[in-house]
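Trainee: Here it is, the structure in full.
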Amino acid sequence: ALVSMTDMLNKARKEGYAVGQFNINNLEFTQAILQAAEEEKSPVILGVSEGAGKYMGGFKAVVPMVKGLMESYGTTVPVAIHLDHGSSFEKCKEAVDAGFTSVMIDASSKPLEENIKITAEVVEYAHKHGASVEAELGVVGGQEDDVIADGVIYADPKECEELVKQTDIDCLAPALGSVHGPYKGEPNLGFKEMEEISKQSDLPLVLHGGTGIPTKDIQRAISLGTAKINVNTENQIASTKVIREILDNDKEVYDPRKYLGPAREAIKETVQGKMREFGSSGKA
Ligand code: G3H
Ligand code: ZN
């Protein structure tokens with residue numbers, strides 16, 4: 001069923017596992033992730049960045065695509081359609097109006113007061129429509145879509161406390177050293193800050209830049225209240241690798257289903273592996 005993230009994340013934090021947000025880029029990504037979730041009996045969050053939403057034909061095209069697939073697959077597990085890194089109130093509103101069940105407002109580049117103000121506005125609108133809200137503090141490194149962050153800024157636990165107290169968000173993404181895209185070397189996550197932020201409330205925490213984080217760090221983050229982990233690049237790498245091999249090995253192939261089908265299978269396997277690693281398998 002199409003739901004917001006609220007119940008699935010509260011349950012995950014309480015029971016000590018994390019729900020994966022897997023970003024969708026096209027039809028095959030969406031199919032693969034929905035199939036993986038159903039087979040694993042896992043709740044799932046379909047992440048849609050503004051850029052990917054535009055690529056797929058706009059938010060209004062994304063929602064019916066997801067709903068249609070859920071109907072023909074007979075999906076029984078909880079599914080959320082979530083705007084990833086929403087850049088403004090207007091974009092969040094557009095997503096909610098199109099039928100997204102969840103949005104992230106990423107006003108983390110703004111001063112704290114402004115971040116709080118915009119986030120509160122988004123919460124008011126989203127909650128009125130039954131949608132959940134994720135907010136961010138600090139800076140996630142690396143590049144996603146056209147947004148390039150130079151450097152990483154660790155979220156300040158005091159600011160997190162303030163944001164949580166003054167808004168009614170459903171989960172919080174404190175940037176603590178994670179990076180979008182592949183890591184250069186081992187990630188250096190701020191577990192001390194994570195623990196401090198986690199102790200302030202029962203709010204589920206979100207870990208961005210899930211690609212390339214070692215299992216021991218994933219487990220530690222979950223034990224410190226992380227209940228949502230975002231993964232995108234890993235699925236992109238897995239699917240592109242398969243397509244490249246097929247095209248390299250067969251110069252005659254022209255039917256897109258001959259390479260997109262196997263790419264879809266690679267995404268599904270990657271997502272199933274993550275669901276087991278995050279502990280969400282069997283939790284739907
Ligand atoms: O918001 C999306 C995620 O943080 C994706 O990060 O591409 O490094 O897996 P990733
Ligand atoms: Zn992210």
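Trainee: Put +1 on the Cβ of every Lys and Arg and -1 on every Asp and Glu Cβ in the chain; which of Val96, Ser109, Ile33 then has its Cα farthest towards the positive end of the dipole?
Mentor: Farthest towards the positive end: Ile33.
Trainee: Full-extension gain between Leu2 and Asp168, please, as 0.36 nm times their residue separation minus the C-alpha to C-alpha distance.
Mentor: 57.6 nm
Trainee: Starting from 0.36 nm per residue, how many nanometres of slack lie between Tyr254 and Glu114 once their C-alpha separation is accounted for?
Mentor: Residue separation times 0.36 nm, minus the Cα-Cα distance, leaves 45.3 nm.
Trainee: Short version: ³J(HN,Hα) in whole Hz for each residue of the range 216-229, in order, from phi by Karplus 6.51 cos²θ - 1.76 cosθ + 1.60 (θ = phi - 60°), x for Gly and Pro, what are they?
Mentor: Result, rounded to whole Hz: 5, 5, 4, 5, 5, 4, 4, 5, 9, x, 6, 10, 9, 10.
Trainee: Only counting other Cβ atoms within 10 Å, I'd like Thr240, Thr211 sorted with the fewest neighbours first.
Mentor: Fewest to most other Cβ atoms nearby, the residues stand as Thr240, Thr211.
Trainee: Another one. About the Cα centre of the range 6-278, how large is the charge dipole given +1 on each Lys and Arg Cβ and -1 on each Asp and Glu Cβ? Please answer in debye to the nearest 20.
Mentor: With only Lys, Arg, Asp and Glu charged at Cβ, the dipole is about 540 debye.
Trainee: Rank these for me by crowding, Phe29, Phe278, going from fewest to most other beta carbons within 10 Å.
Mentor: Phe29, Phe278
Trainee: Continuing with the same structure: Enter the per residue convex hull volume of the range 6-278, computed from alpha-carbon coordinates, in Å³ rounded to the nearest integer.
Mentor: 124 Å³
Trainee: Then there is this: What's the exposure ranking of Val66, Val133, going from fewest to most Cβ atoms within 10 Å?
Mentor: Result, fewest neighbours first: Val66, Val133.
Trainee: Under 5 Å between amide hydrogens, which residues at least 5 positions from Ser280 or on another chain qualify, with H placed 1.01 Å from N in the peptide plane?
Mentor: Under 5 Å from the amide H of Ser280: Ala18.
Trainee: Additional query: What FRET efficiency do you get for Ile153 and Leu27 if R0 is 35 Å and r is their Cβ-Cβ distance, rounded to the nearest 0.05?
Mentor: Approximately 0.45, to the nearest 0.05.
Trainee: Something else now. Tell me the label-point distance for the pair Glu186, Arg244, using the 7 Å Cα-to-Cβ offset, in nm and rounded to one decimal.
Mentor: About 2.7 nm separates the two model spin labels.
Trainee: What full-extension length gain, to one decimal in nm, is calculated for Ala61 and Glu161 as 0.36 nm per residue of separation minus the Cα-Cα distance?
Mentor: Extending this stretch completely gives an extra 32.3 nm.
Trainee: While we're on this one: Computed FRET efficiency, Cβ-Cβ of Asn10 and Glu90, R0 30 Å: what is it to the nearest 0.05?
Mentor: Computed FRET efficiency for Asn10 and Glu90 comes out at 0.60.
Trainee: For the range 9-101, what D do you get in µm² per second when you plug the Kirkwood radius from alpha-carbon pairs into Stokes-Einstein at 20 °C and 1.002 mPa s?
Mentor: The diffusion coefficient I find is 158 µm²/s.
Trainee: Still on this model: What percent antiparallel are the DSSP beta bridges of the range 6-278, to the nearest 5?
Mentor: 10 percent
No value in this document is a laboratory result; all are computed from the given coordinates. These figures come from a predicted structure and were not determined experimentally. As a convention, Cβ positions derive from the backbone with ideal geometry for all residues, glycine included, and neighbour counts pool all protein chains shown.
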